[in-house]
Amino acid sequence: DTGVSQDPRHKITKRGQNVTFRCDPISEHNRLYWYRQTLGQGPEFLTYFQNEAQLEKSRLLSDRFSAERPKGSFSTLEIQRTEQGDSAMYLCASSFPHGQLEVTDTQYFGPGTRLTVL
Amino acid sequence: AQSVTQLGSHVSVSEGALVLLRCNYSSSVPPYLFWYVQYPNQGLQLLLKYTSAATLVKGINGFEAEFKKSETSFHLTKPSAHMSDAAEYFCAVTFSGNTPRVFGKGTRLSVIA
């Protein structure tokens, strides 16, 4: 069990540029979640996948945000035309709710990607 | 709308003292509740969760929390603080139907030697 990994750990970009973050979940986990965490706040849910299906995306912050999980393994989160307000920590989590209620499954979090938009 | 409120953005205790981190939830339906810990430069780690099986929930690292419906609370406690407990702690809530977890703003715990 190598844990959830995220790449890059830090990203500095200029306003208007596109950025893409990658998340590699724990290998057998079929659920993958994206959250955003701003300074002084708790994580805010963005979207989640079960295998390759994106089951909830209404919480994505705007149409500039999109996520994919094409083969049901790793996932990418893309932000187009970045704005300074997008500066935050982007967290990924994964789970495999075997024997648990899905709504209370144990989500394992990665270390996050810190985005700074200048 | 579902929400949690964590009272106190920063709590400071002496090593060996009781740790009490407060969380109150707002809900019209039975909630599921969680406590997470976040160490610097690390991801969130689940400490414990309430899933309606028992009101007193024991978690990792000696932490426990008690669900009190009458007080809409789920406070986190530890009898004796260790230096290694210094971190950010988050309370979260969800409900049935795959609603996303809603996190509180967090409480930073400092432990003084």
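Any idea which of A:GLY85, A:GLY72 is small (Gly, Ala, Ser), out of contact with any Cys (no Cβ under 6 Å at 6 or more places or on another chain) and in a loop (DSSP other than H, G, I, E, B)?
A:GLY72 is the lone residue from the list that is small (Gly, Ala, Ser), out of contact with any Cys (no Cβ under 6 Å at 6 or more places or on another chain) and in a loop (DSSP other than H, G, I, E, B).
Would you mind telling me which numbered condition in (1) modelled with pLDDT of 95 or more; (2) farther than 30 Å from A:ASP7 by Cβ; (3) in contact with a Cys (Cβ under 9 Å, 6 or more places away or on another chain) B:TYR36 fails?
Looking at each condition in turn, B:TYR36 falls short on (2).
I'd like to know if region A:50-61 contains one or more residues that are modelled with pLDDT of 95 or more and out of contact with any Gly (no Cβ under 8 Å at 6 or more places or on another chain).
No: region A:50-61 contains no residue that is modelled with pLDDT of 95 or more and out of contact with any Gly (no Cβ under 8 Å at 6 or more places or on another chain).
Looking at region B:37-65, I want the residues that are part of a strand (DSSP E or B) and have a partner that is surrounded by 16 or more Cβ atoms within 10 Å (Cβ to Cβ) and basic (Lys, Arg) with Cβ atoms under 7 Å, at least 6 apart or on another chain. Which pairs are those?
Listed pairs, sorted by first residue: B:VAL57/B:LYS49.
Does region B:1-33 hold any residues that are surrounded by fewer than 13 Cβ atoms within 10 Å (Cβ to Cβ), at pLDDT below 95, farther than 16 Å from B:GLY106 by Cα and small (Gly, Ala, Ser), and which are they?
B:ALA1, B:SER28, listed by residue number.
Just checking, how many residues over region A:36-52 are in a strand (DSSP E or B) and facing chain B (nearest Cβ under 8 Å)?
So the answer is 3.
Look through B:ARG101, B:ARG22 and report the one residue that is among the basic types (Lys, Arg) and within 14 Å of chain A (Cβ to nearest Cβ).
On inspection, the qualifying residue turns out to be B:ARG101.
Look through region A:61-118, keep the residues that are among the β-branched types (Val, Ile, Thr) and in contact (Cβ under 8 Å) with a residue 40 or more places away in the chain, and return whichever of them is farthest from the other protein chains (Cβ to nearest Cβ).
This residue is A:THR82.
Mind checking which residues of region B:66-86 are in a strand (DSSP E or B) and either over 15 Å from B:ARG22 (Cα atoms) or touching a Cys at 6+ places or on another chain (Cβ under 9 Å) (or both)?
If the condition is that a residue be in a strand (DSSP E or B) and either over 15 Å from B:ARG22 (Cα atoms) or touching a Cys at 6+ places or on another chain (Cβ under 9 Å) (or both), then B:SER73, B:PHE74, B:HIS75, B:LEU76 are the ones that fit.
Taking A:SER58, is it more than 14 Å from chain B (Cβ to nearest Cβ) and either without any contact (Cβ under 8 Å) to a residue 24 or more places away in the chain or in a strand (DSSP E or B) (or both)?
No.
Among the residues that make up region B:79-88, is at least one of them within 14 Å of another protein chain (Cβ to nearest Cβ) and under 26 Å from A:ARG36 (Cβ atoms)?
Yes, because at least one residue in region B:79-88 is within 14 Å of another protein chain (Cβ to nearest Cβ) and under 26 Å from A:ARG36 (Cβ atoms).
In the list A:PHE65, A:PHE45, which residue meets the criterion of being surrounded by 15 or more Cβ atoms within 10 Å (Cβ to Cβ), under 26 Å from B:LEU46 (Cα atoms) and in contact with an Asp or Glu (Cβ under 9 Å, 6 or more places away or on another chain)?
A:PHE45
The values are calculated or read from the model by the stated rules, or taken from the named source; none is laboratory data. All figures in this text were calculated on a predicted structure; none of them were measured in a lab. All Cβ positions, even for glycine, are placed from backbone atoms using ideal geometry, and neighbour counts span all protein chains on display.
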